[in-house]
Amino acid sequence: MALFQKPATTAEEVEQGRPLDLSPDEVADFDEKTWYEKVYRGDALPQLTVRAVVMGSLMGFLLAFTNLYIGLKTGWGFGVGITACIMSYSVWNGLWKARLVRSPMSILETNCMQSTASSAGYSTGNTMVSAIAALLMLSVTPDKPVGQHIPVVVLVSWTVFIAILGVALAIPMKRNLINVERLKFPSGLAAATTLQSLYSQGGEAILKARALMWAAIGSGLTPVLMDLKIRPEGKSRIPLLPSESPVLNFLPARGVHPGTGEALAPSDWTMVLDHKLVLVAAGALVGLRICISMTIGGLALAYLVGPAGLSTGAVKNPAAAWREIGVWLGAPMMVGSGLLSFAFQWKSIVRSVRGGPQAANAFIPPAGVEVPNSWFWTLVAIGGFGIMVIAQLFFAIPWHLSLLGVAFTYLLALVACRTTGESDITPTGPMGKLVQLTYGVLIPQNATANLMTAGITSGAALSAADLLVDLKSGYLLGANPRRQFVAQTFGIVAGTLASVTGFYMLVPDASALLGTAQHPATFPAPAAQAWLAVARVFQKGIGSLHPMAQDMVIWGLVIGVGLTLLEKVGRGMRNYLPSATGLGLGLLLPFPYPLSMLMGALAAWAWVKWDRKRADRYTVALSSGIVAGESIVGVLVATLNNTWLR
C-alpha cells in the first residue's frame, strides 16, 4: 500500500468521510467478524494523509511541552488525545471556512492526527520527568554543584529507541486485547465518542474550542506577569507581579529557625498561596480524593514530620523539608502501595502471560489490515539494539543486563497494556519501581543503571499502552490499524524534539530541580525524587540515611501497604480513606502544589453539583486550555530567563 493517501477533494468524497451511524458504544460490543462486516471503512477512505500527520505533529509538539511542564511540577501526565481532537478539528475547519485548505478532514483523518499527537505529546516525555531528571540530580557533586546533563545526542537517541520499542511491543497484543477480548480502554472509547460528537454536532465543538482557546490565552499571561524577569531591581531583574503570597501566615506554625532561633511562620514551611492557574486546572482534572489526600500529606509535613525532622537534625532548612525528609516517607508510601496494587492485578498478569484463548475456527482477518508481525520483529531489533548500545557506552550497564531489561520490559508491557484496557490506569510507576528493585539486587552500587533500566520499562510500557488506547479509538470508528500505527510512529519524531528541547529549556541545570539557598526549586519533579530515593538506598545502603529517615522509610511502606489493603478489603471504605498516592505526593511537594490542586478539585466538584451539564461540557476543555496555555508560555519564559535575561 502507498504510505500516504490523498485527502478528499469533491463533495461526494467529503460526504463519504462522515461518521458511521453506529455509536462507539454499539461498536464496542461487536465481535471481530461483525466489525469487519459493519464497521471497517476499508482502505479507500482517506485517513493517513500528509496533512493529518503534519497537524498531529504540530499539536503533539505543543502538547508535549504541557505534559513536560506539568510532569516536572506534579509528577502527573495527562492524555492529550481529546484535547488534540478539539483543537485540530477547530483549527482545520477554521482554515477550511477561510478557504485556506481545499476540504475538511474526515473523521478518520482526525483520528490519525490524534494518534500522531498522542504519541508526540504524551508517550515520549515520560522518561524526562522520571529517570532523566533523577539522573541529573544524581550527578550533583561538590565538584559539580549544579550537576551535568547527558549529551543531547544521547538523550535524543535514548528517547527515540525507547519509544520505538514501546510501539513495537503493542503489535502482538493489539488483535487479542482489542479485537478478540474487546477490553474497554476507556480513554480510547472517550476519544472515539468525542470525535463522533465533533463531526455530528459541530456547534458543540465550537463551544468547547472557544472555551479552550480563551482559557489558554488567559493562563498564558500568568508566566509573563509572574515569571518573566523584566523589572529592574538593583543589579538584578524580577517579574512584574509576585507568583505567590504568604496569606496563610495567620495560621500557627511549629518549630524555630535553626540559625536564628526565631519562631517559624507557615510560609517558612512553604505554606503560601500560588497565584498561577496551571495547578488549579490540574486539580480539576485529577479529582477531589487525590487532591484532599495530597493536602493532608502537605499539612502532615508542615506540622508533624517536618518539625520532628528539624528537632532531630534530619531537616536543615524548613523550606526544603519536602526534599530532606518528606521524600523518605512519601516515596516508600507510593512504592509500597503501587507494588501491592500491582500484585492485586495478578489475574491480569496471568492472562497477559498466557494470552487469550483462540478457537480453532477463529476468524481470520483480511490481509493488509492488521500490523504484520514482521514489523514487530524489525522494530524490536532496532529499538532493543539501540537501547543496549547506549546503555553500555554511556550508562555503564553491561549488555547482558540491558538485554534482560528489554526482555523484562516485554513482560511488564503485557501487564501494563492489559491493565490499561481493563482499568484505564497504566501502572508505569510501580513497574519502574519493580525494575529498580530487581537491578538494585543485580548491581546494587550502580545507581545510574538502576534508574535507566527502570526508565526503559516505564517509557516503553507507557508508549505501548498509549498506542493501544489510540488503536481502540480507531477500531470503534472503523479505521485501518496499520495506517494508524504508522501515524503513531511519526509522532515519535515530533515528541522527541519537543520533550528533549523542553527539558533543556526548563531545566538548564539541577538547581531547577533541587533549588538553592536563595531560591526554591522551580520544578520539584516528585516522580524523579521518588526514583532517586530508591536508587540512592541501593547505592549507599539504608544505613547511610539519617536515623529518622530510616524510620520514615519503614513507616511509609507500612502506611502505603495498609491503606491499599484497607481499600481492597473494605471496598465501601475507599471513598473515606486517603489515597496512598496522594499522601505520598503531598509529602514530596512544596505546599502550594497540593493547595492549588485542591482548589481546582473543589471548584470542579462544586460546578458539577451546581450545573452538571455545563460542567461536563466545559471542565476538560477549560482545564486543558489552562494547562496548555501556561505550560507553553512557561517554557518560553523559562528560556528567556535562562538566556537573554539571565
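For the Cα atoms of the chain, what angle does the longest principal axis make with the long axis of helix 327-343, in degrees from 0 to 90, nearest 10? So the inclination is approximately 30 degrees.
At q = 0.12, 0.19 Å⁻¹, what base-10 log of I(q)/I(0) does the Debye formula yield for the stretch 1-140 when every alpha carbon is treated as an equal point scatterer in vacuo? At q = 0.12, 0.19 Å⁻¹ the computed log10 ratios are -0.61, -1.10. Treating the angle as unsigned and between 0 and 90°, give the value, to the nearest 10°, between the Cα long axis of helix 107-118 and the longest Cα principal axis of the chain. Long axis of 107-118 versus the principal axis of the chain: about 30 degrees. Please report the carbon-and-sulfur percent of the accessible area for the stretch 446-605; probe 1.4 Å, protein heavy atoms only, DNA, RNA and ligands left out. Answer for the stretch 446-605: carbon and sulfur cover 68 percent of the accessible area. Along its principal axes, the stretch 101-201 has C-alpha extents of 61, 39, 21 angstrom, given from the largest down. At q = 0.12, 0.18 Å⁻¹ the log10 of I(q)/I(0) for the stretch 151-267 amounts to -0.98, -1.05, computed by Debye summation with a single uniform scatterer per C-alpha, solvent ignored. Between the listed residues I86, I150, T124, the Cα displaced farthest toward the positive end of the dipole of the stretch 1-156, a dipole computed from Cβ unit charges relative to the Cα centre, is found at I150. Under a 5 Å amide H cut-off, with hydrogens placed 1.01 Å from N, V256 pairs with L264 among residues at least 5 apart or on other chains. In sequence order, the stretch 584-596 has phi-based couplings of x, 5, x, 7, 9, 10, x, 4, x, 5, x, 5, 5 Hz under the Karplus curve 6.51 cos²θ - 1.76 cosθ + 1.60, θ = phi - 60°, and Gly or Pro positions carry x. Descending by average beta-carbon neighbour count within 10 Å, the peptides 605-612, 210-217 line up as 210-217, 605-612, the highest first. Each peptide among 238-248, 623-633 gets the average number of other Cβ atoms lying within 10 Å of its residues, and from highest to lowest they stand as 623-633, 238-248. Phi angles across the stretch 445-462 convert, under the Karplus curve 6.51 cos²θ - 1.76 cosθ + 1.60 with θ = phi - 60°, into 3J(HN,Hα) values of 8, 9, 5, 5, 4, 4, 6, 6, 5, 5, x, 4, 5, 5, x, 5, 5, 5 Hz, Gly and Pro given as x. Distances between every pair of Cα atoms in the stretch 454-515, grouped in 10 Å steps from 0 to the bin holding the largest one, split as 18, 35, 29, 13, 5, 0 percent. Convex hull of alpha carbon positions in the stretch 437-549: directionally averaged projected area 10.4 nm². Given R0 = 25 Å, the distance between the Cβ atoms of E370 and K613 translates into a calculated FRET efficiency of 0.05. Checking the a/c ratio against 1.5 first, then a/b against b/c, what shape does the Cα gyration tensor give for the stretch 525-646? Oblate. Cα-Cα pairs above 50 Å in the chain: how many percent? Everything past 50 Å amounts to 9 percent. Where does helix 81-97 land angle-wise versus the long Cα axis of the chain, in degrees 0 to 90, nearest 10? For 81-97 against the chain, the angle is about 60 degrees. The apolar share of the surface of the stretch 176-283, taken as the fraction of accessible area on carbon and sulfur atoms (1.4 Å probe, ligands and nucleic acids excluded), comes to 62 percent. Using heavy atoms of the protein chains and a probe of 1.4 Å, the accessible area assigned to V280 is about 40 Å². Expressed in Å, the radius of gyration and Dmax of the Cα atoms of the stretch 489-572 are 18.6, 50. Between H519 and V156, the contour length at 0.36 nm per residue exceeds the alpha carbon distance by 127.7 nm.
Scanning residues 5 or more positions from T49 or on other chains, those with amide H under 5 Å from its amide H are Q5, with H placed 1.01 Å from N in the peptide plane.
Compared with the rule-of-thumb size 2.2 N^0.38 Å for a compact globular protein, the stretch 57-163 has a Cα radius of gyration ratio of 1.38.
Couplings for the stretch 267-274, taken from phi via the Karplus curve 6.51 cos²θ - 1.76 cosθ + 1.60 with θ = phi - 60°, read 5, 5, 9, 6, 7, 10, 9, 7 Hz in order; Gly and Pro are left as x.
The solvent-accessible area of H257, taken with every protein chain present and a 1.4 Å probe, is close to 80 Å².
Ordering 415-421, 266-272 by mean Cβ neighbour count within 10 Å, with the highest value first, yields 415-421, 266-272.
Taken as Cα centroids, the stretch 487-557 and the stretch 1-77 sit 35 Å apart, rounded to the nearest whole angstrom. Extension gain, L100 to R289, is 63.4 nm, computed as 0.36 nm per intervening residue step minus the present C-alpha separation. In the assembled protein chains, R614 presents an accessible area of approximately 130 Å² (probe radius 1.4 Å). Summed over the residues of the chain and divided among them, the accessible surface reaches 41 Å² per residue at a probe radius of 1.4 Å. Between L273 and S245, V247, L248, the built amide H atoms are under 5 Å apart, and every one of these is 5 or more places off in sequence or on another chain.
The values are calculated or read from the model by the stated rules, or taken from the named source; none is laboratory data. Please read all numbers here as calculations on a predicted model, not as lab measurements. Note: ideal-geometry Cβ built from the backbone for every residue, glycine included; neighbour counts use all protein chains shown. Each accessible area value is taken on the protein alone, full model and side chains, heavy atoms only, with ligands, DNA and RNA left out. Shrake-Rupley method; radii C 1.70, N 1.55, O 1.52, S 1.80 Å.
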